[in-house]
C-alpha cells in the first residue's frame, strides 16, 4: 500500500495499536449517492417549473388564476397584487427546496472523506480533527466493493426502520463508506478478515 502521512493527533490516538491499513478517502460518500441527490433536485425543479408555468400562464394571459382561500374564490391577477402572494409564495418555496436539494448533491461530490485507519480491533475515522471509531463487531460482514469509484461500503449492525410505500416496515442498515481510496481490494480483504474474527469471538 502507498504510504499516507497521518496528522499528529491521529497518530497519538492510535498510539501503539497495530495498524492493518491506512487510507485517505477523497470523498465522503460515493459519487452514485451524489448523483441520486442531483437527479432528485433536477426532477424537483422540473416539476416546479411545469407547475409554475401552469399557474403563471393564465395570469399573463389576463384571465387570472382562480384558487380558494378561506372557502372563498380568489382570482390572482396583476390588477390586485395582494392576490399574487399565495401563488408566488408556493412557487418560491418549491423552487428554493429544489435548489437546496440540487446544491446539496453538488456539494456532496466535493466533500472529503478523511483518513481511515484499520487496526486489529477497530476502524478509526479522522476528519478535520474529529475522531470516530468503530469496533469490528459493529459490522455485519456484508461488504460492497466498487472498483469504478474505488469505494468500499461496510454494512453496520445498527440502522433504522423505514416504512415502504406499501405500508410494510423494513430495517435499513447504516453503512460506513470509504470512497475514493486506493488499494480497495486489499482493504476489503483486511476488513472482511477482521470482521469475521471479531464476530466469531463475540458469538
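Read-outs: derived from the displayed coordinates by stated rules, not from any lab. All of these numbers come straight from a predicted model, not from anything done at the bench. Backbone-built Cβ (ideal geometry, glycine too); neighbour counts: all protein chains shown.
Secondary-structure-derived ellipticity at 222 nm for the chain, considering helices only, amounts to -13500 deg cm²/dmol, per-run term -39500 (n - 2.57) for DSSP H runs with n ≥ 4. With 0.36 nm allotted per residue and the present C-alpha distance subtracted, the residue 161-residue 106 stretch has 17.0 nm of extension available.
Report D for segment 123-203 in µm² per second (integer): Stokes-Einstein, Kirkwood Rh on Cα pairs, 4 °C, 1.567 mPa s. For the chosen part, D equals 92 µm²/s. With Rh defined as the Kirkwood radius, the inverse of the mean 1/r over Cα pairs, the Rg/Rh of segment 136-182 is 1.10. Net length available on complete extension from residue 172 to residue 36 is 47.2 nm, with 0.36 nm assigned per residue and the Cα-Cα distance removed. For the chain, the percent of C-alpha pairs falling in each 10 Å distance bin, counted from 0 to the bin holding the largest distance, reads 8, 24, 24, 16, 11, 10, 7, 1. A full extension of the chain between residue 57 and residue 72 corresponds to an added length of 3.2 nm, given 0.36 nm per residue minus the alpha carbon distance.
The angle separating the long axis of helix 184-202 from the principal Cα axis of greatest extent in the chain is about 70 degrees.
On a per residue basis, the convex hull of the C-alpha atoms belonging to segment 87-134 measures out at 98 Å³.
Calculate the FRET efficiency for residue 127 and residue 186 from the Cβ-Cβ distance with a Förster distance of 35 Å, rounded to the nearest 0.05.
On the way: r = 22 Å, r/R0 = 0.64.
After rounding, the FRET efficiency stands at 0.95.
Computed over the chain, relative contact order equals 26 percent, with contacts defined as Cα pairs under 8 Å that lie 6+ residues apart. Summarising the label geometry, the points placed 7 Å from Cα in the beta-carbon direction at residue 49 and residue 90 lie 2.0 nm from one another. A crude spin-label estimate for the pair residue 145 and residue 4, with each label 7 Å from Cα along the Cβ direction, gives 1.7 nm. By how many degrees, between 0 and 90 and to the nearest 10, does the Cα long axis of helix 31-60 differ from the longest principal axis of the chain? It is inclined by approximately 0 degrees.
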